[in-house]
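Below is one structure; the comments refer to it alone.
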Amino acid sequence: MDAMAPEEYASQSKLLQEFTNVPSIDSASILKTNDEDRSRAMFSISQPDLLANTNRKYVLYSHITTRAGTGTTSPDFQWSPFPTETTGVSATVPSPSGSKLLVVRNGERGCPTKLEIVCQSHVEKEIHVAGSVHGPLYTDEWFHGVSWNQEETLVAYVAEAPATPRPAFNRSGYTREEGCSEGDCSAWKGQGVWEEDWGETYSKKGRPSLFVLDIPRGEVVAAKGVPTSLSVGQVVWAPESPGGRHKYLVFVGWSERNGFFQNTARKLGIKYCSNRPCALYAAPCPIQGPEPPGNPPATTSDGKSGSGGAVARNLTPGFSSALFPRFSRDGRLLVFLSSKQAVDSGAHNATDSLHVINWPSDWKMDEQLDVTQVVPVVMCPEDDDGGCFPGLYCSSVLPDPWLSDGRTVILTSSWRSAEVILSVDVLSGKVARITPEDSCYSWRALALDGTNVLAVSSSPIDPPSISYGRRLAVTPAEGEARRWTWDEVTSPFMASNSKVKSLLLHHSVSILKIPVPSPSADLSDGGKLPLEAIFVSCSCKGSSRSPTVVVLHGGPHSVSVSSYSKSSAFLASLGFNLLVVNYRGTPGYGEEALQSLPGKVGSQDVEDCLAALDFAVEEELVDASRVAVVGISHGGFLTTHLIGQAPDRFAVAAARNPVCNLSLMAGTTDIPDWCYVVACGTQAKRYASEAPSPGHLRLFYQRSPIAHVSKVKAPLLMLLGGADLRVPASNGLQYARSLIERGGDVKIMMFPEDIHEINLPRSDFESFLNIGVWFKKHLNAVA
């Protein structure tokens with residue numbers, strides 16, 4: 001610390017603690033009751049525990065009272081007095097009736113996984129699953145899938161396959177593995193053969209595999225017929241055939257042979273990567289019910305009785321991508337998202353499409369199903385002012401996204417610089433934005449309550465609050481969007497938000513539309529549409545003289561939406577204006593705009609960021625002499641590019657796990673294909689290789705910030721995760737050391753146990769505390 005740091009650290013850390021205390025509303029479930037006017041909501045919330053360096057997780061309940069069928073009266077929420085902490089719980093999944101709860105306790109290393117079936121008064125059954133059956137359940141947002149059957153006797157889920165046996169040794173040499181246990185000082189287990197994994201966050205996890213819990217028997221059985229070359233996830237139960245003779249599981253399968261050439265055995269990193277090929281599969285449940293009297297045993301598609309001989313059936317053979325299968329409540333419709341555009345183009349995220357399958361009540365494994373497109377990919381919105389639907393950009397889908405009419409699906413999607421809630425009529429294909437069109441707020445659906453929607457809304461200066469959307473009776477001419485009214489719900493979260501709201505009371509938010517600077521003739525129409533930036537400023541007098549922080553998202557195909565961000569709100573509370581840039585390539589603006597960036601990184605995206613800054617300066621919103629820049633991943637790529645390509649525009653910078661040298665990253669990252677896509681564009685798949693040519697290494701270097709390192713003037717704070725597999729720390733270290741070599745003002749912080757996001761509570765806290773102190777020190781120096 002320098003001379004001013006201790007006092008500044010003390011002041012800012014106390015302020016940052018206020019933002020850290022605000023809980024996150026992670027998810028919610030609606031539990032049925034016997035009263036049609038009442039339902040119960042179960043909220044999952046979390047809050048950082050800095051001393052333990054973990055996230056505290058809680059469950060909070062509320063009774064919701066409405067007047068069924070009228071939609072004219074605001075709902076009444078009655079909250080439980082305190083949340084209940086769920087220490088050691090990995091997931092809680094209510095049954096369809098809401099009368100039971102599956103509680104998952106993933107065991108630590110060497111300990112069994114515990115599955116608890118909880119009813120309203122007690123634990124009804126507890127099942128300990130040994131490591132020889134499977135490892136911990138997958139509870140992340142990607143592979144996660146836990147599904148009850150309608151009878152509430154079976155639960156399907158995704159868990160790690162049992163570990164591959166390893167050789168064991170003692171003083172005499174090789175011995176059998178079962179003779180060697182953890183902590184045995186007289187023997188040890190060897191390493192065995194190294195196996196590919198799914199990269200960032202999955203490096204220590206076993207293959208995602210499918211299992212079924214038989215609750216009455218207390219047994220767990222592995223699904224049969226699923227090739228070991230598939231990693232499975234997002235499992236749901238198909239509706240049972242008449243008489244209950246056949247039970248099927250529908251799930252997503254990712255091929256583990258998706259390397260660059262001829263489907264080599266290579267698992268490329270999958271987190272944040274919707275471009276990994278996948279399909280929907282169906283497999284028979286390994287636990288079939290008893291046959292009705294007088295009926296012959298059920299047979300599989302290969303003629304064998306039971307489920308043992310069946311092979312999982314690809315339900316979407318014509319699709320390179322199929323995700324998030326969801327059956328309607330009557331079992332007649334199966335919808336799913338497709339990220340075909342991402343798979344085909346190589347862009348790690350792109351515009352989605354929505355599809356539906358009419359599911360026969362007596363479907364058999366040998367029957368091919370027809371797929372109908374409901375919502376196509378939008379290449380270019382019909383307008384440039386943001387009023388027209390720009391396409392689907394969904395990072396997830398609710399476990400039950402269906403309204404009670406049986407034909408309407410509710411989705412959360414990016415819409416330019418906002419997150420919105422959409423209704424989709426899967427029979428007509430009609431899409432409507434049902435949340436208010438104030439683009440300075442973002443909305444996310446949490447759960448559905450009959451014809452109503454439980455949601456969370458926020459803005460960059462307003463912490464998350466609960467809202468309840470009600471569908472009103474209106475004439476068809478008024479449109480779907482006008483059918484919805486939204487009530488802000490009084491909730492316990494308001495008390496924790498009040499201190500933060502007071503700190504941001506005098507701030508305002510606006511969305512700036514920035515014309516594309518000098519668009520070239522070869523750009524598509526979508527690539528010429530205006531880009532956007534979210535501008536957060538203090539409305540008090542003299543705010544245009546306040547220092548400004550340019551905030552850049554990663555990806556590049558991710559998006560900064562106008563929702564609450566703890567880190568951004570903290571920076572705003574320090575007196576900084578924020579200019580949050582959504583450069584071209586950002587999802588939410590149509591596929592043409594997104595695809596205009598690959599092959600042009602380091603130039604087009606840099607130009608867009610400078611154009612946004614120029615626009616804000618010309619509008620007299622920003623003092624050009626007091627500008628900082630911060631970004632993570634590709635945002636760090638842009639941060640280091642900007643201080644090199646425009647060295648006189650930025651007084652200070654901070655980069656979190658930045659891409660600084662593509663030629664170095666290509667051989668060390670879990671997503672080497674990304675280097676080819678961003679540098680080579682449409683030719684990426686043709687050129688991609690585990691052994692880049694000298695010409696491609698040269699191109700990677702030329703596209704990288706390190707090519708401009710000799711021009712950097714701004715002091716740089718470099719924040720690195722030591723366990724980052726996406727952009728290994730060597731990338732940032734090489735850049736920082738080259739700046740130091742040239743006499744640059746550089747501070748490096750390393751978080752040894754953190755991954756790409758630097759999201760362990762202590763690391764996150766210390767990262768933004770240091771950014772705040774670093775920016776204040778150097779921006780005050782130019783005041």
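The values are calculated or read from the model by the stated rules, or taken from the named source; none is laboratory data. Remember, predicted model here, so these are calculated numbers, not experimental data. As a convention, Cβ positions derive from the backbone with ideal geometry for all residues, glycine included, and neighbour counts pool all protein chains shown.
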message = Checking S491 against (1) closer than 16 Å to F43 by Cβ; (2) within 24 Å of the chain's Cα centre (by Cα), only one condition comes out false. Which one?
response = (2)
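Residues checked against (1) modelled with pLDDT of 95 or more; (2) over 29 Å from the mean Cα position of the chain (by Cα); (3) over 18 Å from S396 (Cα atoms); (4) among the aromatic types (F, W, Y):
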residue: G308; (1), (2), (3), (4): no, yes, yes, no
residue: V311; (1), (2), (3), (4): no, yes, yes, no
residue: T316; (1), (2), (3), (4): yes, no, yes, no
residue: A322; (1), (2), (3), (4): yes, no, no, no
residue: F336; (1), (2), (3), (4): yes, no, no, yes
residue: K340; (1), (2), (3), (4): yes, no, no, no
residue: H355; (1), (2), (3), (4): yes, no, no, no
residue: K364; (1), (2), (3), (4): no, yes, yes, no
residue: E367; (1), (2), (3), (4): no, yes, yes, no
task = Inspect all residues belonging to region 732-755 and state whether any of them is over 22 Å from V652 (Cα atoms), within 22 Å of the chain's Cα centre (by Cα) and surrounded by 20 or more Cβ atoms within 10 Å (Cβ to Cβ).
result = yes
Residue among V221, V232, V193 that alone is under 24 Å from E256 (Cβ atoms), modelled with pLDDT under 90 and not basic (K, R) = V193
request  = Scan A168, A238 and give me the residue that is crowded, with 16+ Cβ neighbours inside 10 Å, modelled with pLDDT under 90 and among the aliphatic types (A, V, I, L, M).
outcome  = A168
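Here are V356, V397, V374, V378: which of them is more than 30 Å from K513 (Cα to Cα), in contact (Cβ under 8 Å) with a residue 60 or more places away in the chain, among the β-branched types (V, I, T) and in contact with a strand residue (DSSP E or B) (Cβ under 9 Å, 6 or more places away or on another chain)?
None of the other options fit; the residue is V356.
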ask   = Out of (1) more than 25 Å from the chain's Cα centre (by Cα); (2) touching a residue at least 12 places away in the same chain (Cβ under 8 Å); (3) over 22 Å from T408 (Cα atoms), the odd one out for W486 is which?
value = (3)
message = If S458 meets every condition in (1) in contact with a Phe, Trp or Tyr (Cβ under 6 Å, 6 or more places away or on another chain); (2) farther than 25 Å from R329 by Cβ; (3) without any contact (Cβ under 8 Å) to a residue 40 or more places away in the chain apart from one, which number is that one?
response = (3)
ask   = Given G69, G98, G88, which one is within 25 Å of the chain's Cα centre (by Cα), over 30 Å from S573 (Cβ atoms) and at pLDDT below 95?
value = G88
key: Meets criteria (assigned to a loop (DSSP other than H, G, I, E, B), within 25 Å of F77 (Cβ to Cβ) and modelled with pLDDT under 95) for D383   = no
ask   = Which one is nearest to R726 (Cα to Cα), of the residues in region 623-651 that are in contact with a Phe, Trp or Tyr (Cβ under 6 Å, 6 or more places away or on another chain) and part of a strand (DSSP E or B)?
value = V629
task = Could you tell me whether region 594-613 includes any residue that is in contact with a His (Cβ under 9 Å, 6 or more places away or on another chain) and in a strand (DSSP E or B)?
result = no
key: Identity of the residue in region 427-450, small (G, A, S) and in contact (Cβ under 8 Å) with a residue 60 or more places away in the chain, that ends up surrounded by the fewest Cβ atoms within 10 Å (Cβ to Cβ)   = G450
task = Look at P401 and say whether it is modelled with pLDDT under 95 and of a type outside the set (D, E, K, R).
result = no
task = Among the numbered conditions (1) touching a Ser or Thr at 6+ places or on another chain (Cβ under 6 Å); (2) crowded, with 21+ Cβ neighbours inside 10 Å, tell me where L454 comes up short.
result = (1)
ask   = For region 727-745, does any single residue satisfy the condition of being within 15 Å of T639 (Cβ to Cβ), in contact (Cβ under 8 Å) with a residue 40 or more places away in the chain and of a type in the set (A, V, I, L, M)?
value = yes
remark   = Checked R444, R471, R482 against criteria (of a type outside the set (D, E) and touching a helix residue (DSSP H, G or I) at 6+ places or on another chain (Cβ under 7 Å)); the one match is R471
query = If a residue has to be crowded, with 21+ Cβ neighbours inside 10 Å and assigned to a loop (DSSP other than H, G, I, E, B) to count, how many in region 273-286 make the cut?
reply = 6
query = Could you say whether any residue in region 507-517 is among the hydrophobic types (A, V, I, L, M, F, W, C), within 26 Å of the chain's Cα centre (by Cα) and either modelled with pLDDT under 90 or closer than 30 Å to G98 by Cα (or both)?
reply = no
inquiry  = Can you tell me how many residues within region 656-689 are aliphatic (A, V, I, L, M), crowded, with 24+ Cβ neighbours inside 10 Å, in contact with a Pro (Cβ under 9 Å, 6 or more places away or on another chain) and not in a loop (DSSP other than H, G, I, E, B)?
reply    = 3
inquiry  = Going by what's in this entry, would D425 be described as closer than 22 Å to V335 by Cα, touching a Ser or Thr at 6+ places or on another chain (Cβ under 7 Å) and among the acidic types (D, E)?
reply    = yes
ask   = Would you pick out the residues in region 556-569 that are part of a helix (DSSP H, G or I) and either buried (at least 24 other Cβ atoms within 10 Å of the Cβ) or among the aliphatic types (A, V, I, L, M) (or both)?
value = A569
request  = Would you check if L503 is within 20 Å of L60 (Cα to Cα) and touching a residue at least 24 places away in the same chain (Cβ under 8 Å)?
outcome  = no
query = Just for strands (runs of 3 or more DSSP E) wholly inside region 144-236: which have at least 2 residues that are over 28 Å from the mean Cα position of the chain (by Cα)?
reply = 168-170, 173-175, 187-189, 219-222
query = Failed condition for N759, given (1) closer than 30 Å to Q17 by Cβ; (2) touching a residue at least 12 places away in the same chain (Cβ under 8 Å); (3) surrounded by fewer than 17 Cβ atoms within 10 Å (Cβ to Cβ), with all others met?
reply = (2)
query = Residues of region 701-723 being hydroxyl-bearing (S, T, Y) and either crowded, with 24+ Cβ neighbours inside 10 Å or modelled with pLDDT under 95 (or both), which ones?
reply = S704
task = From the list H696, H641, pick out the single residue that is crowded, with 22+ Cβ neighbours inside 10 Å and over 24 Å from the mean Cα position of the chain (by Cα).
result = H641
note = Residue pairs qualifying under the 9 Å Cβ cut-off, at least six apart or on distinct chains, with the first in region 539-550 being at positive phi and among the β-branched types (V, I, T) and the second being at pLDDT 95 or above and assigned to a loop (DSSP other than H, G, I, E, B), are none
